[in-house]
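The values are calculated or read from the model by the stated rules, or taken from the named source; none is laboratory data. Fair warning: this is a prediction, and the values are worked out from it, not measured in the lab. For neighbour counting, all protein chains shown are included, and Cβ atoms are generated from backbone atoms with ideal geometry for every residue, glycine included.
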Amino acid sequence: MSILTAIVVAWIFGVGVYGAVVSRNLIHLALCLSVSQSSTYILLLTVGYRHGAGAPIFKGVELGTPAVDPVVQALTLTDIVVGVTVTALILALALDVHRDAGSVDPDEIAELQG
Amino acid sequence: MSRRDVRRLVGVPVVAALAVILAAGILAGPEFGEFHGAYGQMLNRVAVPERHTTNVVTSIVFDYRGVDTMGEEFILFAAVVGVVLLLRDEREPGRDTRGDDVQSDGIRMFGVAMVGPVLLVGLWLAAFGLVTPGGGFQGGVVIAAAVVIVYVTVGYRQWRRFGRERLLDPFEGLAAAAYVAVGLAALVAGSAFLRNLLGNGETGTLLAGGSMSVLNWAVAIEVAAANLVLFTEFLESYVVPHIPER
């Protein structure tokens with residue numbers, strides 16, 4: 001099973017970074033970063049997984065029942081929130097660049113300035 | 001060879017190498033499902049007796065690692081301020097634009113039917129965040145979604161009545177401040193920052209958690225307001241053109 005999570009995480013991370021490398025549109029670039037970051041959610045959650053364990057919520061569940069690691073779940077929550085806000089900020093920057101340069105293609109913008 | 005081809009030529013091997021290193025690192029770690037992090041397992045045992053909240057994830061977010069969450073809240077706050085600074089300055093507020101009244105009856109009906117349930121789900125997620133799955137962050141996002149559905153249903157002009165900076169900004173700022181205030185209140189009372197002052201309450205009920213409930217609601221309001229401010233800013237920069245056509 002470890003090999004499967006390793007492949008999924010590495011694949012999502014790689015696809016996102018590759019998209020960012022060849023991106024010709026700043027909005028596309030922001031989405032690629034989001035994709036790349038999604039790999040960290042999967043990595044965190046799989047790290048915390050325990051065979052045969054339930055959710056770390058003990059409403060109506062006897063205390064001491066095996067549960068998955070709650071710390072990584074809290075970290076994933078932080079991760080998602082930070083991801084969303086950073087995406088919003090990048091999109092606002094893209095909008096600003098488009099306003100000034102009239103383009104969202106990083107190459108074109110570089111040419112305009114160079 | 002275009003710049004794009006060069007990027008692809010360099011990008012493929014570099015990205016592949018990074019992905020392989022990442023995969024190798026994961027494989028070198030503990031086997032899937034076999035990692036028993038001592039901290040997490042300990043919290044699973046002690047969180048309910050110590051804090052009386054049955055959702056361990058939320059008690060980590062608002063209590064055991066409450067200071068981290070304060071930092072996170074201010075990342076959110078800073079990002080929203082950044083977006084506002086970038087997008088708000090050049091706009092002429094109130095200048096009406098284009099008729100974007102909702103034409104489709106289907107969308108109107110869908111909107112009217114969905115607003116109530118979505119808002120209820122959001123409030124429920126936030127309110128029971130300390131008991132069952134959910135919490136301020138999740139609830140806040142869903143509450144904001146309910147308000148966005150209102151926009152989808154009634155169109156821009158009516159929505160603008162309450163989708164306004166003047167209305168949303170105070171929520172955003174005050175909710176962030178409330179989090180810090182709860183922390184400082186504990187300091188003033190002579191104990192550690194963010195320490196629970198209100199008592200633990202009865203296990204597994206809405207009253208469990210004490211100060212955590214206050215933090216939970218502060219975060220819910222903060223997140224809902226932040227999402228709506230972001231939505232408003234992007235919407236306005238689309239609807240209200242700020243620069244004359246070149």
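Based on what the data block shows, is residue A:82 at the interface with chain B (Cβ under 7 Å from one of its Cβ atoms) and β-branched (Val, Ile, Thr)? When the stated conditions are applied, residue A:82 passes them. Does residue A:98 count as facing another protein chain (nearest Cβ under 7 Å) and surrounded by fewer than 17 Cβ atoms within 10 Å (Cβ to Cβ)? It is false that residue A:98 is facing another protein chain (nearest Cβ under 7 Å) and surrounded by fewer than 17 Cβ atoms within 10 Å (Cβ to Cβ).
Picking from residues in the range A:9-20 that are buried (at least 17 other Cβ atoms within 10 Å of the Cβ) and among the hydrophobic types (A, V, I, L, M, F, W, C), the one that is farthest from residue B:54 (Cα to Cα) is A:20. Just to be sure I understand, how many residues within the range B:41-53 are within 9 Å of another protein chain (Cβ to nearest Cβ) and closer than 16 Å to residue A:66 by Cβ? Selection size over the range B:41-53: 6.
Residues that are part of a helix (DSSP H, G or I) and in contact (Cβ under 8 Å) with a residue 40 or more places away in the chain within the range A:1-30 comprise A:5, A:26, A:27, A:29, A:30, listed in sequence order.
Only helices (runs of 4 or more DSSP H) whose full extent lies in the range B:145-240 are considered here, and the ones with at least 1 residues that are within 22 Å of the chain's Cα centre (by Cα), of a type outside the set (Val, Ile, Thr) and within 14 Å of another protein chain (Cβ to nearest Cβ) are B:165-188, B:211-239. When residue B:10 is tested against (1) more than 9 Å from chain A (Cβ to nearest Cβ); (2) farther than 18 Å from residue A:65 by Cβ; (3) of a type in the set (A, V, I, L, M), only condition (1) is not met. In this structure, residue B:97 qualifies as β-branched (Val, Ile, Thr), surrounded by fewer than 16 Cβ atoms within 10 Å (Cβ to Cβ), out of contact with any Cys (no Cβ under 8 Å at 6 or more places or on another chain) and at pLDDT below 90. Checking the stated criteria, residue B:72 turns out not to satisfy the condition of being more than 7 Å from every other protein chain (Cβ to nearest Cβ) and either modelled with pLDDT of 90 or more or assigned to a helix (DSSP H, G or I) (or both). Of all residues in the range B:34-65, those that are in contact with a helix residue (DSSP H, G or I) (Cβ under 8 Å, 6 or more places away or on another chain) and either in a loop (DSSP other than H, G, I, E, B) or surrounded by fewer than 22 Cβ atoms within 10 Å (Cβ to Cβ) (or both) total 7. Within the range A:48-62, the presence of at least one residue that is touching a strand residue (DSSP E or B) at 6+ places or on another chain (Cβ under 9 Å), without any contact (Cβ under 8 Å) to a residue 60 or more places away in the chain, more than 9 Å from chain B (Cβ to nearest Cβ) and on the phi < 0 side of the Ramachandran plot is confirmed.
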